[in-house]
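Undergrad: The structure under discussion is supplied below as structure tokens; questions concerning it will follow.
The values are calculated or read from the model by the stated rules, or taken from the named source; none is laboratory data. Remember, it's a predicted structure, so these values are computed and weren't measured experimentally. Accessible surface is based on the protein model in full, side chains and every heavy atom, while ligands, DNA and RNA are left aside. Shrake-Rupley method; radii C 1.70, N 1.55, O 1.52, S 1.80 Å.
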Amino acid sequence: MIFREKDRRTGKTVLVCSMLWPDRTRFRRRYPNKTIATQVMNRIIASKALGTWRELKRELTHGPEDDYTIEKFGEVYLEEYCKIRNTRPDFKKETLAVITRFVGDRRLKQFTAADAQYFEKERAKEVSAATVNHGLAVLSNMFTFARRKGLIIRNPMEGYGRLPVDQKVLRVLEPAEVRLIVQKTLEVDPVVGVYVGILSETGLRMTEGLELKWEFVHLGRRQLAVEASKNYKPRHVPISAFAAELLQSLPRIVGNP
């Protein structure tokens, strides 16, 4: 399918060729004129009919081996760097998907500060300054990795600033205030009230509390084990008398962990 769309960065109308490969991934590329776009579309149709689409996909997707788009190099960065160096590469994967949405079609070697500014401006319409800065940091780290691989001479993000973030002073609740919140929640929903109380007493993350199982709770030892930790490492957390009382108030359902 060939259609026209407006480039959000330049405001110009461009031609786009967009088609599905047999493996259900999508080929999507901009072209300067309809003749070239039609030629590419016809090549894809023919390769699918002849069964040679995998070779064509590699050619069209990657081009020369070192001529990556941001989207395609993001996949390399995720596999060769994030999944090896980061304890939670899924966080990077989410950010890379956002980066791809805005600047994925830009060429790695041609990326400039103007492209980074476009990402910053558009992303800032959706999220906080701190989240925008996180995306910029991932971009910069990805270019550092590309430079180490010898794909680019310099990191185009070097010297690129970050958005100012308001530093707010957080007030920590007093224990009596926390217990009051738990009590009021218990009055509305006993199970949710116990959940709120366990989080406040143990410092568990929200997901850790939701995934807590009875087999990891040891009321006799006043201790619970956390299986799904952010850094993949199990840990043991002490249970206060109040937390133990909350857990004992929960109904036990046979067969439900």
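Undergrad: Is the range 1-100 rounded, prolate or oblate when judged by the Cα gyration tensor, a ≥ b ≥ c being the square roots of its eigenvalues, rounded requiring a/c under 1.5 and prolate requiring a/b larger than b/c?
TA: oblate
Undergrad: Roughly how much of Lys6 is accessible, in Å² to the nearest 10, using a 1.4 Å probe?
TA: Here the residue's solvent-accessible area equals roughly 140 Å².
Undergrad: One quarter of the convex hull surface, Cα atoms only: what value does that give for the range 115-246 in nm²?
TA: 12.3 nm²
Undergrad: Listed here are the pairs Lys12/Lys34; Lys6/Lys34; Lys57/Lys121; which of them are more than 24 Å apart at the Cα?
TA: Exceeds cut-off: Lys57/Lys121.
Undergrad: Quick one: compute the contact order of the chain, relative version, from alpha carbon pairs under 8 angstrom and 6+ residues apart, as a percent.
TA: Normalised by residue count, the contact order of the chain is 10 percent.
Undergrad: Can you give me the long-range amide H partners of Gln223? Hydrogens built in the peptide plane at 1.01 Å from N, cutoff under 5 Å, separation of 5 or more residues or another chain.
TA: Under 5 Å from the amide H of Gln223: His218, Ile239.
Undergrad: While we're here: Can you tell me the orientation of helix 175-188 relative to the chain, as the angle in degrees between its alpha-carbon axis and the longest Cα principal axis, to the nearest 10?
TA: The answer is roughly 80 degrees.
Undergrad: If you take the Cα Rg of the chain and divide it by 2.2 N^0.38 Å, with N the number of residues, what do you get?
TA: The reported ratio for this selection is 1.41.
Undergrad: Quick one: Karplus J couplings for the range 162-170, per residue in order, coefficients 6.51, -1.76, 1.60, θ = phi - 60°, nearest Hz, x for Gly and Pro?
TA: 10, 6, x, 10, 5, 8, 9, 7, 8
Undergrad: Given the options Glu71, Glu122, Glu211, which has the most mean-square fluctuation in a GNM of the chain, springs set between C-alpha atoms less than 10 angstrom apart?
TA: Most flexible of the set in this elastic network: Glu211.
Undergrad: Let me know the shape class of the range 202-257, please: from the alpha-carbon gyration tensor, a ≥ b ≥ c as square roots of the eigenvalues, rounded when a/c is under 1.5, otherwise prolate if a/b is greater than b/c, or oblate.
TA: Oblate is the answer for the range 202-257, as a/c is 1.5 or above yet b/c matches or exceeds a/b.
Undergrad: Oh, and also: Ordering Met41, Met206 by how much accessible area each has at a 1.4 Å probe, largest first, what is the list?
TA: Heavy-atom accessible area, descending, gives Met206, Met41.
Undergrad: Considering the convex hull of the alpha carbon atoms of the range 41-108, report its projected area averaged over all viewing directions, in nm², one decimal.
TA: If I average the Cα hull's projected area over directions, I get 5.5 nm².
Undergrad: Now for a separate question. For the range 150-221, take N as its residue count and report Rg(C-alpha) divided by 2.2 N^0.38 Å.
TA: 1.92
Undergrad: Tell me the Kirkwood radius of the range 36-188: reciprocal of the mean inverse pair distance over distinct alpha-carbon atoms, in Å.
TA: Final number for the Kirkwood radius of the range 36-188 is 18.7 Å.
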